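The values are calculated or read from the model by the stated rules, or taken from the named source; none is laboratory data. Just so we're clear, the structure is a prediction, and the values are computed from it rather than from any experiment. Virtual Cβ from ideal backbone geometry, glycine too; neighbours counted across all protein chains shown.
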Amino acid sequence: MNSLVVFYILSSIITVSAIGVVTSRHVVHATFYLLITLFGVAGVYVILLSQFLAIVQILLYGGAIIIVILFALMLTNISDFNFQVENKHWKYSLVGSILFFITGTIAFFTTGGNTVTGTLGTSMKNIGIELFSYWGIPFEIVSVILLVALIGAVVVSNTESNK
Amino acid sequence: MGELSLIHIQIASIVLFSIGIYGVLSRRNAVLILLAIELMLNAVNLNLIGVSAFLDQSRFLGHILIIFIITIAAAEVALALAIVLKLYKEKRNTDVDKLDVLKW
Amino acid sequence: MYELNEAALQAPTNLGIVWWAPILYIVSFVVLGLLSRTKIKYTYFVPIIVSFISIGIFITVFSTYVSHSWERYSCDTIGVCWNGIDPWFVIGDIQMHFGAIIDGLTVTMLGLITIVGSLVIIYSVSYMHDDPRKTWYFSCISFFIAAMLFLVLANNLLLIYVAWELVGLGSYLLIGFWYGKQTAVDAAKKAFITTRIGDVGLMVGILILGTSFTTSSGAIGTFHIPDIILAAQQGMYSTSELNWGCLLIFLGAMGKSAQFPLHIWLPDAMEGPTPVSALIHAATMVTAGIYLTARLFPLYEISTIALTVVTVIGLITAIIAASMALVMNDLKKILAYSTVSHLGLMIFGIGTGGYAAAMLHLVAHGFSKALLFLSAGNIMHSLHEETDIRKMGNLRHYMPITTICFLIGALSLSGIPPLSGYFSKDMLLHGVTHGKIDFTNIYFLLSLGFIFLSSLYMTRVFILVFWSKSTTEYKDIHEAPKTMNIPIIILTFFSIVFGIITCLIYQDTLLDIMHLVTWGFLDTPLHFEFDLILTILSVGFALSGIIAGYFLYQENYVNKSVFNSGLFKSLNSLISQKYYLDDAYNWIVSNVVNKVTAIVSYIDRAFVNDIGINSPGEAIRATSNKLRYIQTGKVYNYALFIVLSISVIVLIWIFLETGKIL
């Protein structure tokens, strides 16, 4: 099928799930909507022939982040799982996001190169070489960041607060 | 219908981003705000991969950046949730509207 | 015609010694000022030694000036002019020099200041013996004498102005020396403010004279006095500039020399210690105005309006002050009004052209009035600060030396030959009449009236204080100690011989000393000429004043009924209320000045301060007070603001980059 049609299907899935994330009253429902959104995005990666990134996305987001969020929800929200009311100023937020949407659209339409079509080629081998040679130092730094975040999370959770 | 082109992916990205903004601004639970932030990050990833796949087929810089972004998003979520748990221990609720001590 | 003799500008180098006099006095001021809070005794030796050194300097300068071969200074030069520091500083086009003129005028004033200054310092040693702040007193006196010396030595108008203000400051410090007394504080303020009114005129006049023309080198003008006189002679001033300049400078002289109507401060200035009155208000500060007018006399010659104003004001002052001296009851106030009256006479003398006579009278009056003031100090010291002459009398038995000295001073001021006052008054009359006795000359008639009045009030004082029967009982009254008597005796000696020496014996020297270049419009007597008719007239009026005084006050005719009737009584009340001048000034100050200052201060506070200076700070404070509500502490608000800002910034950026939206 035309990749455009697939893309339309996927993007509608993404949009509906995202709206579900932000409007759901039930926090666990919201988390699962997020999971579906992430699967949708992974699908888009596949269309663009970056299968490896799609797998990475599903593994990390779906496998790690969603699980962590679920744990956090379990630990903090035992009593009121069902009852989440929005902020009382949600109309202004709507206005803000629509404004941002308009801005973004204008931005994307006035910068060029939008109508490029053609072959999509993704070579994982090139990405690998690139990642470990040219982007070697950022790679190491990101691993340090992971370590720091791990230690930080442990420290924040374990420190006794001064009453 | 035409071919799949960059503008379609960019529109999808900006829609996702706006929805993420709405989520950040209108949710009261701290964890749900983090969910919306994840949405925003994914929107950015979409944009990047689109640009990289269509326009930068020699070096694929966008792809590499996406790997980094996903990693850092994971680290950030972990840390943020640690803070939220600490907050919950103090105040026994996670309503961010009640966090207004640093005000005028 | 003037020409500045270039060779004349190379002064004999030993004349540089003249600057040591004021500098040493400044050193004494600083040293004593620093010591004024300690309890070191015998600090008064410092000013005494300095005063002797300055007398030595004066004698050196005087002899150099007299003995130097002045024939290379033809009649066209203005004396030795010496620019010590060249220039002192420069502001834009205006150069301020620090130099001295040494000519007859300067030398005269130098002598008067140094001699009377040292005598007053010696007198003060014992007069202020019991005062705990006497070190500060001597410090102030040194400062004052230093400032006065700077004033008479200065060769440019800016330096004269600086020294003028410093002299006013010294006088303020000394009048208000006993600052515990509210009357002394008020008197000091009054003196300063009244002279300040004159100083405004002085400043404007100096600026007019100094900047109204362009010199040959293209500068905007000069404040150098010989250059100013030269420029006036060459016609570089327009008439109105010259008139205004001279009139305004005379306003300054009016303030400092207590001419009508700015004379009100001098009688109140008697709140200071008596030696201060002797020094400042008899011999030195009040003569600054006369000195300045005489120094700029060639300018006044050209501007006849100013000269007429000078004459008239001098005469009015003389007569009015003499009439007020007649009805006062406070010894020092009588002497103060007498000083004002004689200052008016000196100014009047300058106005009629006899500036040499005026300077001569300045010196003679300086000696005699200082003598009278110091004798008054003696009397007050013995009578424990009593000054009301109605409570005194018959002092000649208790204080003989003081009596004799006071008598000689009074006679000298009344103009009895052969004391010095006679010579100077005669020269003044000569200048008024120019040799012809003309009874239709109003000036002449009024000056004769002045002579009568001055001898009348002098006789009144003498009789009431020393001669007539006392109305109170004296306890424990004795003659003053030697340190107080010796200066008085020295001053008496000078009163006696000064006139004779300068007018009879060394006439030619006087001619040389008093020689200033003038236009020759006015017939200026430069030396004393004996005119029999004039002498008979002046001495006759003086003697009639004495006799009238004797009859009125000794025989106590004043209480006879004819003198208590209407005209005399109302005249008496008018005069004793000082012609209601003080009340007029008070009314002006409280109604006009205070209201204007209230308005001005309101404008200053409301507009300049609150709106001009405070308003940026106030605006920021008010704005931030409203803006702080942005910090609500809620995450939602901050995030929304971020989103909106980014949208706006991106839109603007796109618009700027691509020139279109969409």
Exercise. Answer with yes or no whether C:GLY549 is surrounded by 11 or more Cβ atoms within 10 Å (Cβ to Cβ), modelled with pLDDT of 80 or more and under 30 Å from C:LYS425 (Cα atoms).
Key: no
Quiz item: So which of C:TYR457, C:TYR443 ends up being among the hydroxyl-bearing types (Ser, Thr, Tyr) and surrounded by 24 or more Cβ atoms within 10 Å (Cβ to Cβ)?
Solution: C:TYR457
Quiz item: Which of the residues spanning the range B:51-60 are at the interface with chain A (Cβ under 7 Å from one of its Cβ atoms) and crowded, with 19+ Cβ neighbours inside 10 Å?
Solution: B:ALA53, B:PHE54, B:PHE60
Quiz item: Of C:LEU504, C:LEU522, C:LEU534, which residue is within 30 Å of C:ALA231 (Cα to Cα) and at pLDDT below 80?
Solution: C:LEU522
Quiz prompt | Residues of the range B:21-33 that turn out to be facing chain A (nearest Cβ under 7 Å) and either assigned to a helix (DSSP H, G or I) or more than 25 Å from C:GLY633 (Cα to Cα) (or both), as a count | solution = 7
Self-check item: Which listed residue, of C:ILE249, C:ILE264, C:ILE228, is of a type in the set (A, V, I, L, M) and free of Cβ contacts under 8 Å to residues at least 60 places away in the same chain
Solution: C:ILE249
Quiz item: Within the range A:1-64, which helices (runs of 4 or more DSSP H) (wholly inside it) include 1 or more residues that are within 22 Å of A:TRP90 (Cα to Cα)?
Solution: A:3-23, A:27-47
Quiz prompt | Selection status of C:GLY659, loosely packed, with under 12 Cβ neighbours inside 10 Å, on the phi > 0 side of the Ramachandran plot and more than 12 Å from chain B (Cβ to nearest Cβ) | solution = yes
Self-check item: So B:SER18, is it at the interface with another protein chain (Cβ under 7 Å from one of its Cβ atoms) and touching an Asp or Glu at 6+ places or on another chain (Cβ under 7 Å)
Solution: no
Quiz prompt | Top-ranked residue of the range C:301-312 - restricted to ones that are modelled with pLDDT under 85 and not hydrophobic (A, V, I, L, M, F, W, C), ranked as nearest to C:CYS246 (Cα to Cα) | solution = C:SER303
Quiz item: What number of residues within the range B:73-104 satisfy the criterion of being within 14 Å of chain C (Cβ to nearest Cβ) and either assigned to a strand (DSSP E or B) or not aliphatic (A, V, I, L, M) (or both)?
Solution: 7
Quiz item: Taking C:LEU105, is it at pLDDT 85 or above, part of a helix (DSSP H, G or I) and either surrounded by fewer than 20 Cβ atoms within 10 Å (Cβ to Cβ) or of a type outside the set (Lys, Arg) (or both)?
Solution: no
Quiz item: If you go through the range C:615-636, how many residues are surrounded by 10 or more Cβ atoms within 10 Å (Cβ to Cβ) and facing chain B (nearest Cβ under 10 Å)?
Solution: 10
Quiz item: Of the residues C:LEU345, C:LEU360, C:LEU374, C:LEU419, which single one is surrounded by 23 or more Cβ atoms within 10 Å (Cβ to Cβ) and in contact with a His (Cβ under 9 Å, 6 or more places away or on another chain)?
Solution: C:LEU345
Self-check item: Residue check, C:GLY221 among the small types (Gly, Ala, Ser) and modelled with pLDDT under 80
Solution: yes
Quiz item: Just to be sure, is C:TRP164 within 18 Å of C:HIS281 (Cα to Cα), in contact (Cβ under 8 Å) with a residue 12 or more places away in the chain and in a loop (DSSP other than H, G, I, E, B)?
Solution: no
Practice problem: Check every one of the helices (runs of 4 or more DSSP H) wholly within the range C:567-662 and list those with 1 or more residues that are touching a Gly at 6+ places or on another chain (Cβ under 9 Å) and modelled with pLDDT of 80 or more. | Solution: C:635-658
Self-check item: Scope the range A:104-142; condition within 9 Å of chain B (Cβ to nearest Cβ), modelled with pLDDT of 80 or more and over 16 Å from B:LEU65 (Cβ atoms); matching residues
Solution: A:GLY104, A:THR105, A:ALA107, A:PHE108, A:PHE109
Quiz prompt | C:SER240 being polar (S, T, N, Q) and without any contact (Cβ under 8 Å) to a residue 24 or more places away in the chain | solution = yes
Quiz item: If you scan the range A:3-60, which residues turn out to be more than 9 Å from every other protein chain (Cβ to nearest Cβ), of a type in the set (S, T, N, Q) and under 14 Å from the mean Cα position of the chain (by Cα)?
Solution: A:SER17
Practice problem: Scan the range B:32-43 for residues that are touching a Ser or Thr at 6+ places or on another chain (Cβ under 7 Å) and surrounded by fewer than 24 Cβ atoms within 10 Å (Cβ to Cβ) and jot them down. | Solution: none
Quiz item: Scanning for something buried (at least 19 other Cβ atoms within 10 Å of the Cβ), under 30 Å from A:THR115 (Cα atoms) and under 12 Å from the mean Cα position of the chain (by Cα), does the range B:63-76 turn up at least one residue?
Solution: yes
Quiz item: If we scan the range C:406-422, do we find a residue that is more than 26 Å from the chain's Cα centre (by Cα), outside any loop (DSSP other than H, G, I, E, B) and of a type in the set (Val, Ile, Thr)?
Solution: no
